[in-house]
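Input: a single structure, listed below in structure tokens.
Each value in this text was obtained by applying a stated rule to the coordinates, not by laboratory testing. All values reported here derive from a predicted model rather than from experimental measurement. No Cβ is skipped: glycine too gets one built from the backbone with ideal geometry, and neighbour counts run over all protein chains shown.
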Amino acid sequence: YLHSFLTRRSSDLAASDPYQFRNLAERLVAIDNVNVIFGCYMSSTRKAVMPIVEKYNRILFYATLYEGFEFSNNIIYTGAAPNQNSVQLADFMMSMFGGQVYLVGSDYIYPYESNRIMSDLVHQRPGGSVVAQRYVPLNAGPKDFEGIVAEIKELAPDFIFSTVVGDATQHFYNAYADAGLDPKLMPIGSLTTSEVEVAQMGAAVAAGHFTAAPYFASIDSAENHRVLQRFCSRFGDDVRPNACWEAAYFQVHLFANAMRGAGTDSVPVLMPEILGSEFLAPQGRVRVEPANHHTHLYPRIGRVNAMGEFAIVRASRNAVAPDPYLVTHSMGDWTLALETLQE
Ligand code: ACM
């Protein structure tokens, strides 16, 4: 497997470009004979690789939270589906701050779809409404957020749902702080602002804002401490573990265990070993749901503290079954297993 990675050239970098992802994935499977790919962050890149792994019957392990409403026989989804993060974030933010929400996102499929889901969830609640929905370019800089924060100030929503991703995230939170807005009164809630983005913007700017994710580096469990210690001794303190890292970590273990069982990476033999398999991950024991190839995960809500760490303010005691099409979800699912851990 590693051959193609070890021999790659800089022109082979996919650089968040879906066309590059598709071309390079096709080269991996058709020329390099790779059966199993781990990768893609943005949904636009997963959507580009999906037809390739389907055409050649290969496997893609995908570690990012995403907008749901997808199934591929050839993908294993180990990041959160909307019923494992959006539903909980909507419930938490609306019950704590109110039902008037301002939506701002990067200009691509995940924010459009995630905002569609958030809008549905907001409208399910009496008095809930979306006061505005805005998009910025993927590579948005500080200037792109000047008008956004001016409008937020003017409309004064109860909270902001941000689906801004990547480097643009720090510019949005910085613009929010520069405008003198107060997270205690009108916080930002997100699914993509992780430890990595918080480190980029700095603790002072990030403090008080919320993120919903199955994993935060601050989880106080023996398994998380054990894995983080090994991670830090190998990679140092500069690389920030976040939810995508944790999903990428445990999906490789799911794969390794399946390989031990199958004795081959032949997809028809390997896939049944992956489906239904479990692993004690840093977030808790996870399981791949055979019915939809997504993973049973533990919803959590974290609020950034003054040290730039996520203090976990709500957590699900039990893993929540993935429901990528939001068929059976209700706001009640979360409250069933919810505990308030801190103020
Ligand atoms: C994403 O694009 N799935 C964050």
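Hey, can you grab everything whose amide H is under 5 Å from the amide H of ILE75? Only 5+ residues off in sequence or another chain; H modelled, so Pro and N-termini drop out.
Residues meeting the amide H criterion: LEU60.
Order these peptides, 293-306, 96-109, by their mean beta-carbon neighbour count within 10 angstrom, highest first.
293-306, 96-109
Hey, can you rank 317-323, 221-227 by average C-beta count inside 10 Å, highest first?
For the peptides 317-323, 221-227, the packing ranking is 317-323, 221-227.
At a temperature of 10 °C and a viscosity of 1.306 mPa s, determine how fast segment 189-267 diffuses translationally according to Stokes-Einstein, using the Kirkwood radius over alpha-carbon pairs as Rh; express D in µm²/s, rounded to the nearest whole number.
Calculated translational D: 110 µm²/s.
Going by how many other Cβ atoms sit within 10 Å of their own, how do CYS40, CYS244 line up, fewest first?
Exposure proxy ranking, most exposed first: CYS244, CYS40.
Can you tell me, using C-alpha contacts under 8 Å and at least 6 residues apart, the relative contact order of the chain as a whole percent?
17
Could you work out the relative contact order of segment 89-209? I mean the mean sequence separation of Cα pairs under 8 Å and 6+ apart, divided by the number of residues, in percent.
Here the relative contact order equals 29 percent.
Work out from phi, with θ = phi - 60° and the Karplus expression 6.51 cos²θ - 1.76 cosθ + 1.60, the ³J(HN,Hα) of each residue of segment 19-33, listed in order in whole Hz, and give x for Gly and Pro.
Once θ is set to phi - 60°, the couplings for segment 19-33 become 5, 4, 4, 5, 5, 5, 5, 5, 5, 4, 7, 7, 9, 8, 6 Hz.
Based on DSSP, what percent of beta bridges with both residues in the chain are antiparallel, to the nearest 5?
Percentage antiparallel, nearest 5: 45.
Could you calculate the contour length gain from ALA132 to ALA222, that is, 0.36 nm times the residue separation minus the distance between their Cα atoms, to one decimal place in nm?
Net length gain for the segment: 28.1 nm.
Within a 10 angstrom radius of the beta carbon, how do ILE219, ILE117, ILE188 rank from fewest other beta carbons to most?
ILE117, ILE219, ILE188
If I model a spin label at ALA204 and VAL327 as a point 7 Å from the Cα along the Cα→Cβ vector, what separation in nanometres do I get?
That separation, rounded to one decimal, is 5.1 nm.
To the nearest 0.05, what FRET efficiency results for VAL252 and GLN124 with a Förster distance of 41 Å applied to their C-beta separation?
0.65
Whole-Hz ³J(HN,Hα) for each residue in segment 212-218, computed from phi via Karplus 6.51 cos²θ - 1.76 cosθ + 1.60 with θ = phi - 60°, x for glycine and proline: what do you get?
9, 6, x, 9, 10, 4, 7
Quick one: which residues, 5 or more positions from LEU297 or on another chain, have an amide H under 5 Å from its amide H? H modelled 1.01 Å from N in the peptide plane, none for Pro or chain starts.
The answer is VAL320.
Convert each backbone phi in segment 116-129 into a coupling constant with the Karplus relation 6.51 cos²θ - 1.76 cosθ + 1.60 (shift: θ = phi - 60°), then list the ³J(HN,Hα) values in order as whole Hz, x for Gly and Pro.
Rounded to whole hertz, the list is 4, 5, 4, 4, 4, 5, 5, 6, 5, 9, x, x, x, 7.
Can you sort THR45, THR78 so the residue with the fewest Cβ neighbours within 10 Å comes first?
Fewest to most other Cβ atoms nearby, the residues stand as THR45, THR78.
Which far-off residues, 5 or more places away or on another chain, put their amide H under 5 Å from the one on HIS209, with H placed in the peptide plane?
Residues meeting the amide H criterion: VAL304.
Tell me the Kirkwood hydrodynamic radius of the chain in angstroms, computed as one over the mean inverse distance between distinct C-alpha pairs.
After inverting the pairwise mean of 1/r, the radius is 20.6 Å.
Measure out, as a whole number of angstrom, how far apart the alpha-carbon centroids of segment 291-316 and segment 129-185 sit.
22
Run the dipole for the chain about the Cα centre, Lys and Arg Cβ at +1, Asp and Glu Cβ at -1, nothing else charged, and hand back the magnitude in debye, nearest 20.
620
When the Debye formula is applied to the Cα atoms of segment 78-152, each taken as the same point scatterer, what base-10 log of I(q)/I(0) results at q = 0.17, 0.19 Å⁻¹?
-0.71, -0.86
Compare the Cα positions of THR211, LEU185, PHE235 along the charge dipole of segment 181-237 (+1 at Cβ of Lys, Arg; -1 at Cβ of Asp, Glu; about the Cα centre) and return the one farthest towards the positive end.
Ranked along the dipole, the leading option is PHE235.
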